[in-house]
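First the structure, in the form of structure tokens, and then the observations on it.
The numbers here are math on the coordinates, done by the rules we state, and not lab data. Being a predicted model, the structure only gives us computed values, none of them experimental. So basically every Cβ, Gly included, is an ideal-geometry build from the backbone, and we count neighbours across all protein chains shown.
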Amino acid sequence: FPNTCFLPFARRCSLNAFPLSFFHCPRIHSPKPYLPQPPLVQSNPYNQTPHDLTQARESISEYLQELGLSLEDSISISSNSPKYVQMLVDGVKELEEWNAWNNSNGEGDSLGFKEMIIYMAKEKGDNGKVAFLESVGLPLSSAMSVARYLSSESLPSIIRKVKYMKENIFSVGDDKGGLSEKNARRMMMHLSISSDEDVQQTLSFFEKIEARRGGLEILGLVDATFRFLLESFPRLLLLPVESHLEPMVEFLENIGVPRRSMGNVFLLFPPILFYKIQGIKSKFSTFEKVGAAYKDIGKMLLKYPWILSTSIQENYEQILLFFEEEKIPKTSVDRAIRSWPHLLGCSTSKLKLMVDQFGELGIRNKKFGRVIAKSPQLLLKKPQEFLQ
């Protein structure tokens, strides 16, 4: 042994007083045969090969064709759903290892690799929906969640609806100067009334997008935002094309919403897609009280589609009553609302603060009406901001 094994100890000191790590002498081991260990590969736990992934994609394509998809669609889906493919491959490899370890002819042991992939896909029970939803941009976890929601729908039907929406509604956007982002922020900033479920869902949708890279600017990119829309509103894919989506698009075009801008309208207020046309028409009657014709309402929807929500409609009546009590000319109020519909999301208590602030400056009644008709956005400011 080297000299370091013999260490001097102080008198009256027990060996137990020192930690074991204090002794540096080499330990003597009995010889054992060397057993080589396989390398640890975290990214490839089941030793898969690129060939496995290729075969898996081919199997998924075959399975999707069994479900009624065209060769072109099946290849596109299997090529654009890498997480889904990986999940099936891992499942097959895990089952193979389990059968080998258990030394038994387990479930699927008599099948080849490609057949096992199809077997695993069928066992998932989603009938190809997860693969398709991932292929249109949803993360795997979201695709699985949405697929469960769409369990009653066939895959060909879902694909047809998505194709229609992407080709006719969310293909291109007309978002000059980032107006969608600006109007979404204004809604989030100035809304001061109790919101109904439709408005709450829309605000949650905006918050989710804002948390993503690019933030609310993505709203101007309707094609890129489509996947976020499906995550937040999966029941979109339950809407029939012929009896609902096509008539809705035609109706909005007839009231002045261009096809190229329709995607922006639906992204700013997705629940409008679920409204019945007759219900929308009845809501329009509310705005006819401010002298708005159908074409005017169409222009308002381009920037402020949430004015069709129940909470906004109810608040509108309160606003009219408030200005009437303040003796503000109705013609001025009507003009202010038509040019700046954000006022409809403002509570009367907040409006009163600004009316009182103008009153302290001697601006009342007709004079105040002329001011808000020309600059209605002043009503959305806070008193301290106005004085600055």
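General observations
- Summing charges over all other residues whose Cβ lies under 11 Å from the Cβ of residue 341, with Lys and Arg as +1 and Asp and Glu as -1, gives +3.
- Under Karplus coefficients 6.51, -1.76 and 1.60, residue-wise ³J(HN,Hα) of the stretch 209-219 in Hz, glycine/proline x: 5, 4, 6, 7, 5, x, x, 5, 4, 4, 4
- Couplings 3J(HN,Hα) of the stretch 180-193, computed from phi: 4, 4, 4, 6, 5, 5, 5, 4, 5, 7, 9, 5, 9, 10 Hz, in residue order, whole Hz [Karplus 6.51 cos²θ - 1.76 cosθ + 1.60, θ = phi - 60°; x for Gly and Pro].
- Neighbourhood charge, 11 Å Cβ-Cβ cut-off, centred on residue 143 and excluding it, Lys, Arg +1 and Asp, Glu -1: +1
- Counting charges near residue 203 (Lys, Arg +1; Asp, Glu -1) among other residues having Cβ under 12 Å from its Cβ returns a value of -3.
- Cα gyration tensor shape for the stretch 52-94, rounded if a/c is under 1.5, else prolate or oblate: prolate
- Hz values of 3J(HN,Hα) by residue in the stretch 236-249 - Karplus curve (6.51, -1.76, 1.60), Gly and Pro given as x: 4, 7, 9, 6, x, 6, 5, 8, 9, 5, 4, x, 5, 4
- Within the same chain, lysines fewer than 8 places from residue 124 are excluded, and of the rest, those with a Cα less than 24 Å from its Cα are 83, 93, 114, 161.
- Multiplying each eigenvalue of the alpha-carbon gyration tensor of the stretch 51-152 by 5 and taking the square root yields semi-axes of 24, 15, 12 Å, largest first, rounded to whole angstroms.
- Tensor-based shape of the stretch 190-322 (alpha-carbon gyration tensor, a/c under 1.5 rounded, otherwise prolate or oblate): oblate
- Estimated FRET transfer efficiency when R0 is 30 angstrom, pair residue 223-residue 197 (beta carbons, to 0.05): 0.65
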